[in-house]
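Take a look at the structure below.
The values are calculated or read from the model by the stated rules, or taken from the named source; none is laboratory data. Please read these numbers as outputs of a predicted model, since none were measured by experiment. As a convention, Cβ positions derive from the backbone with ideal geometry for all residues, glycine included, and neighbour counts pool all protein chains shown. For accessibility, only protein heavy atoms count, side chains too; no ligands or nucleic acids. Shrake-Rupley method; radii C 1.70, N 1.55, O 1.52, S 1.80 Å.
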Amino acid sequence: MNSQQVHLASRPQGTPSKDNFELVTVALPELKEGELLVQNTWISVDPYMRGRMIDRKSYIPPFQIGEVLEGGAIGEVTQSNNPDFPAGSKVSSMLGWRSHFVSDGTGLTLLPTTPLPEQTFLGIMGMPGMTAWTGLFRIADLQPSDTVFVSAASGAVGSIACQIAKMHGCTVIGSVGSQEKADYLLSLGVDAVINYKETEDLTQALAEVAPQGIDVYFENVGGEHLEAALNNMNDYGRIAVCGLISQYNATEPQPGPSNMAMLIIKKLKMQGFIVFDHWAHYGEYAQQMGQWIAEGKVKYEETVYQGIDQAADAFIGLFEGKNKGKMLVKL
């Protein structure tokens, strides 16, 4: 049995290009006792993976040149010598960016029996949805009276954060980069949307749609967005820092906002978080989100590329704004 795999060919300088990736075919070993063969059916591409392409110490080890990239995946067990994962089982793992792999079961999670499509466990029922829920409730202490500002608001995390905040009774403002994405957010019930690509002064634009000020900022972008949020935060506001996508492809250190003094003046709380540190609460999240989806209270979008040879294009597309909702690759 062979496996098609996407390897890191070279470390990107700035925005990744297809030259940084290589599609290779690798022969897999015969199954031993206790092992199983998984055929991946869906793989995830996520912005945080850009940081793993840099050779530096972080909360997760960097990808290595000449080795397979790893990301979230859903697969089916096609052969098994492991009674815990019988043939036909559907599993999730962090062993994506390959068509097949042999495992002893370590790091595999059986998907629950559910009417939801299996790929939702890479999106709204997986890490992106859990990230939105964690940032709002466990980091920002969301309250029904809050006005919430979400950057990258049409993405996999942002669009879910917007909907959760609306269901919690909040006023929600999103920032996006196109009219199509703005229309999508408005269809979800978001109160106001800023197209930052058509805005000369983001601080002023935010003040106009939120004259009452911002209580919670769900940070996905950094840079000008953070500066505008700080200028518009209310006293004792909370900022949950999920990502800084505007800086991921920078080739030199980026200056911070010039108005960090607002943290003191307005007595703000600003906290970064990694969702995996909160995974003990996933069961609580999954039960609640499953109920919301069943009741039609939450909608989700997917942008799907076809074939493992399109994984690099899908990943690069994240930084070109080509995804609405969760970016996925179907194998």
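May I ask you to verify whether Phe137 is closer than 25 Å to Ser92 by Cβ, free of Cβ contacts under 8 Å to residues at least 40 places away in the same chain, open to solvent by 20 Å² or more (accessible area, probe 1.4 Å) and not in a strand (DSSP E or B)? Here the answer is yes, as Phe137 does meet what is asked.
Listed here are the residues, each with its yes/no results for (1) open to solvent by 80 Å² or more (accessible area, probe 1.4 Å); (2) over 29 Å from Val275 (Cα atoms); (3) at pLDDT below 95; (4) in a loop (DSSP other than H, G, I, E, B).
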site: Arg11; (1), (2), (3), (4): no, no, no, yes
site: Gly14; (1), (2), (3), (4): no, no, yes, yes
site: Glu22; (1), (2), (3), (4): yes, yes, no, no
site: Gly34; (1), (2), (3), (4): no, yes, no, yes
site: Val38; (1), (2), (3), (4): no, no, no, no
site: Trp42; (1), (2), (3), (4): no, no, no, no
site: Gly66; (1), (2), (3), (4): no, no, no, yes
site: Glu76; (1), (2), (3), (4): no, no, no, no
site: Asn82; (1), (2), (3), (4): no, yes, no, yes
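Out of curiosity, is Gln310 at pLDDT 95 or above and surrounded by 13 or more Cβ atoms within 10 Å (Cβ to Cβ)? Here the answer is yes, as Gln310 does meet what is asked. Remark: pairs (first residue in region 192-215, touching a residue at least 60 places away in the same chain (Cβ under 8 Å); second residue hydroxyl-bearing (Ser, Thr, Tyr) and open to solvent by less than 90 Å² (accessible area, probe 1.4 Å); Cβ separation under 8 Å; 6+ apart in sequence or on different chains) = Ala210/Thr147; Ala210/Thr171; Gln212/Thr147; Gln212/Thr171; Gly213/Thr147; Ile214/Thr147; Asp215/Thr147.
Here Ser145 fulfils each of the conditions (1) part of a loop (DSSP other than H, G, I, E, B); (2) hydroxyl-bearing (Ser, Thr, Tyr); (3) open to solvent by less than 20 Å² (accessible area, probe 1.4 Å) apart from (3).
Out of all the residues in region 177-206, which are among the aliphatic types (A, V, I, L, M) and either assigned to a loop (DSSP other than H, G, I, E, B) or open to solvent by less than 40 Å² (accessible area, probe 1.4 Å) (or both)? Passing the criteria: Ala182, Leu185, Leu188, Val190, Ala192, Val193, Ile194, Leu202, Ala205, Leu206.
Scan region 97-130 for residues that are in a loop (DSSP other than H, G, I, E, B) and open to solvent by less than 40 Å² (accessible area, probe 1.4 Å) and jot them down.
Result: Trp97, Ser99, Gly105, Leu108, Leu111, Leu116, Gly123, Ile124, Met125, Gly126.
Does Glu224 count as on the phi < 0 side of the Ramachandran plot, open to solvent by 60 Å² or more (accessible area, probe 1.4 Å), touching a Leu at 6+ places or on another chain (Cβ under 6 Å) and not basic (Lys, Arg)? Answer is yes for this residue.
Scanning region 212-241 for residues being in contact with a helix residue (DSSP H, G or I) (Cβ under 8 Å, 6 or more places away or on another chain), assigned to a strand (DSSP E or B) and closer than 20 Å to Ile274 by Cβ gives a total of 7.
Kindly provide the set of residues from region 24-61 that are in contact with a His (Cβ under 8 Å, 6 or more places away or on another chain) and under 20 Å from Phe315 (Cα atoms), ordered by number. Within region 24-61, Val24, Asn40 qualify.
Looking across Thr203, Thr251, one residue alone is more than 14 Å from Thr131 (Cα to Cα) and touching a Gly at 6+ places or on another chain (Cβ under 7 Å). It is Thr251. Here the condition is being modelled with pLDDT under 95 and surrounded by fewer than 14 Cβ atoms within 10 Å (Cβ to Cβ); of Gln291, Gln247, Gln271, it holds for Gln291 alone.
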